[in-house]
Amino acid sequence: MRYVSTRGAAAPKRFTEVLLEGLAPDGGLYLPEATPKADLPAWRRLGYPELALQVLSRFIDDIPELETLVRRAYSARVFAGNEITPLRTLEPGLHLLGLANGPTLAFKDIALQLLGELFEWVLNEKNQTLNVLGATSGDTGSAAEYAMRGKRGIRVFMLSPHKRMTAFQAAQMYSLQDANIHNLAVKGVFDDCQDVVKKVNADAAYKAQHRIGAVNSINWARVAAQVVYYFKAYFAATRTDSDPVSFAVPTGNFGNIYAGHVARSMGLPVRSLILASNENDVLDQFFRTGRYRARKKVKHTTSPSMDISKASNFERYVYGLVDRDAARVRDLWRRLDAEGEFDLSHSPYWPRVAQSGFVSGRSTHADRVETIKMVFEKYGVMIDPHTADGVKVALEHREPGVQLVCLETAAPAKFAPMLVEALGRAPERPAEWRDLERLPQRFELIAPDAEAVKRYIASHS
Ligand SMILES: *Cc1c(COP(=O)(O)O)cnc(C)c1O
């Protein structure tokens, strides 16, 4: 399998080259040249690691030890049980897909635990080292750090918005004492962090000299890893390989739901991909109107991992929508950069958006509170605010005869203040996190300035 860029100006590459690179040199995102086909009957009975191997080996054909790495990433020990992503039925036809059982209690662990293994293997093979540069609004950063801590040949430089995460999220990252982990607390919002990462990556000479890599959701390996649980959940929710299933996904950078789109393209009978935005509703606006408009200012919300001004993985979806016409993608993104928006509503591509199964909706703070309360009262289950955004929008699109799977993207323990607001009580916290906020913290305060970050990396690598 070879990988091409959405902007069309980069030479096709193999998986192990794409893995370490992040953004393509032409500024685009890598994706596979062709979409592999699923084998539903053969896959239905597989356990998680076996299924993951089947799915991933369709995308990764240049790592002979893939099976070992996959088994190490998806062990019962790391994910609190053999299921890895257990499906919990709330009532007939309505399910919660547990994606938050990994080491940092958010769904990003599923992709990043694998990424840690892949990175270490490839670096060892090439006898190289890598400086992972990333931006996080909370969950990516900790998932990346817990996946990369202590890994040979890897250093992590993680930018996070200073004082914009929950105390739990900040403590989870900042309490890590591993020498290869560097937390850079940026005086700004998540978008400032993301912009700095983009700027550093745009400096090709620096990037090459300092061996800068990425773990953000633009990394194809993360998308591929997330494809697996759509299949797993499908098999858990259905009896036959033709039953329709809809998935509801709390969405920020469009990485998770895009993996669902890939699963659908591989042949999974997905009825709808239900996209839930919070108040930062650029994607909901696009899927309702065809107009994609970057927000000038990100709103700080109580589902912070969905706070974005534009969605980085969205470019991959649009690339597919315009028949992989890279010139058109370049033109649309030029317009987005210059005018802050583009509009497909009068284009021949717009009807295809509905055909691709996407529907969308928006959820606000009041909705989150309401939904957390409703789910607890009706089903006795606590959900986190991101999952609540998903459930709220899911129920607006529920159809009779279609199994509805809501993705649980974080554990409630990670967002205790919201649970207290909604229910008057805090969720149970897993024992290993009990004293988290009291642990000593280690981070560097830094300006939202690419040059300052470059200097820091240069002097710490
Ligand atoms: C990252 C994250 C999201 C958003 O996922 P995307 O892949 O960026 O769309 C939703 N919920 C939680 C808890 C997250 O950590």
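Just so it is clear, none of the values below were taken in a lab; they were calculated from the coordinates. Nothing here was measured: the structure is a model prediction, and the numbers come from that model. Cβ placement follows ideal geometry from the backbone for every residue including glycine, while neighbour counts extend to all protein chains displayed.
Karplus-derived 3J(HN,Hα) values for the range 378-383, using 6.51 cos²θ - 1.76 cosθ + 1.60 with θ = phi - 60°, are 7, 10, x, 10, 8, 10 Hz; glycine and proline are entered as x.
Ellipsoid semi-axes for the range 61-147, based on the Cα gyration tensor and the rule √(5λ), read 28, 17, 10 Å when sorted largest first.
Which loop trypsin sites (Lys or Arg not before Pro) in the range 1-93, with loop taken from DSSP, have no more than 14 other Cβ atoms within 10 angstrom of their Cβ? The qualifying sites are Lys37, Arg45, Arg77. Based on every Cα atom in the range 179-223, Rg and the maximum pairwise Cα distance Dmax equal 11.9, 30 Å. Between Asp26 and Ala447, the modelled labels are 3.6 nm apart [label points 7 Å from Cα along Cα→Cβ]. Counted by Cβ distance under 10 Å from Asp26, the other residues give a net charge of +2, where Lys and Arg count +1 and Asp and Glu count -1. Of all DSSP beta bridges confined to the chain, the antiparallel ones make up roughly 25%.
Could you work out the equivalent-ellipsoid semi-axes for the range 261-376, taking the square root of 5 times each eigenvalue of the Cα gyration tensor, largest first, in whole Å?
Numbers: eigenvalues 136, 75, 25 Å².
Semi-axes, largest first: 26, 19, 11 Å.
Annotation: Cα Rg of the range 43-192 relative to the compact-globule expectation 2.2 N^0.38 Å equals 1.13. Every pair of different Cα atoms in the range 391-461 enters the Kirkwood calculation, which places the hydrodynamic radius at 17.1 Å.
Neighbour counts of other C-beta atoms within 10 Å: give me Glu145, Glu21, Glu65, Glu421 arranged from fewest to most.
Values: Glu145 28, Glu21 20, Glu65 11, Glu421 16.
The fewest-first ordering by Cβ neighbours comes to Glu65, Glu421, Glu21, Glu145.
Across the alpha-carbon set of the range 329-461, the Rg to Rh ratio works out to 1.11, Rh being the Kirkwood radius.
Dividing the summed helix terms, -39500 (n - 2.57) for each DSSP H run of n ≥ 4, by the number of residues in the chain produces a 222 nm estimate of -12500 deg cm²/dmol to the nearest 500. Treating each Cα of the range 355-432 as one equal point scatterer and applying the Debye formula with no solvent, the log10 of I(q)/I(0) at q = 0.15, 0.24 Å⁻¹ comes out as -0.53, -1.13.
By how many nm would the segment from Gln177 to His346 lengthen if fully extended, with 0.36 nm per residue of separation less the alpha-carbon distance?
In short, 55.5 nm is gained.
Per residue Cα convex hull volume for the chain, in cubic angstrom?
Numbers: hull volume 60.2 nm³, N = 461.
About 131 Å³ per residue, rounded to a whole number.
Each eigenvalue of the Cα gyration tensor of the range 166-271, multiplied by 5 and square-rooted, gives one semi-axis; in descending order these are 35, 18, 13 Å.
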